[in-house]
Amino acid sequence: MLNTGLLIGMSEATFDGTQTKTFNTPFNSIQFDGLVTFTNLNSELADASSTEITTINGGLIKTGLIDANRVKIDDATIDTDGSGNLIIKAGGVGTTQIGDLQVSTLKIADQAVFVEETATLASGFGIAPADGWVTVVSKSIVLSNLSSSSAVILNGIVQATNVSAAGEFFNYRMRRGTTVLNQFEAYIMANGALNETTVIPLLYVDTPNNGTYTYDIQARDPTGTTSIDTMWVDTGIISIGAAKR
């Protein structure tokens, strides 16, 4: 029921003294049918910056605390699970509501995120037997939150041409830092009039601990000590993929 209200204040400075009466501007009031309880209003009404008074103004509800079992906003329901953890049910949060770099891998199912780093050879170069092991391409990666089942998958390609007068075996290897992960050799044919080119694929699965690592692919001609180039490396690619958990 809507009524009109008027607040009247009366004060007396001294006992049995002059009384001061104060009338405010009349205002509308609403009558509630049922039990409505307001507590601790004396000090709060006198506090212009109070956060304890509940104000309902059309579509706005302002209060210091809302105590509810669940809150539904449009189609999203904010609730808690059996352990008291906050959950937002299906249809609640889209990708546009999640800020960049705001979700850690621990918050993702199975705590797994696949991170990949890739590097390529900028320009070709020659390798002579006297050069020993020469780095074709390298790339660093930072690994964190790894579990015992995490792995680093290394993929690589080296395209090499035999520029000597005869077929030769050339060596290739993959490393993590100074640790040799795998090493093998491949034969590239050649003769005085024809130099063969071969693409060498490389693959290795590594299981390092957390840290920053540099992986590389190297090549060499193990035959002799001449400083004349016998191999020409045209292409080098390394791809490092890690499942961070």
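Numbers at a glance
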| item | result |
| --- | --- |
| Under-5 Å amide H pairs with residue 182, H placed in peptide plane, nonlocal only | 174 |
| Cβ-based net charge around residue 229, under 14 Å, with every Lys or Arg adding one and every Asp or Glu removing one | -3 |
| Charge tally in the Cβ shell below 13 Å around residue 166, where Lys, Arg are +1 and Asp, Glu are -1, residue 166 excluded | -3 |
| ³J(HN,Hα) computed for each position of the stretch 201-207 - Karplus, 6.51 cos²θ - 1.76 cosθ + 1.60, integer Hz, glycine/proline x | x, 10, 8, 7, 10, 9, 10 |
| ³J(HN,Hα) computed for each position of the stretch 226-233 - Karplus, 6.51 cos²θ - 1.76 cosθ + 1.60, integer Hz, glycine/proline x | 5, 9, 7, 4, 10, 10, 10, 8 |
| Calculated FRET efficiency for the pair residue 235/residue 207, C-beta based, R₀ 22 Å, to 0.05 | 0.20 |
| Karplus-derived 3J(HN,Hα), 6.51/-1.76/1.60, for each residue of the stretch 150-167, Hz, glycine and proline x | 6, 9, 10, 9, 9, 10, x, 9, 10, 9, 10, 10, 7, 9, 8, 8, 8, x |
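Read the figures in this text as sums done on the coordinates, not as results from a lab. Nothing here was measured: the structure is a model prediction, and the numbers come from that model. Heads up, the Cβs are rebuilt from the backbone with ideal geometry, glycines too, and the neighbour counts pull from every protein chain shown.
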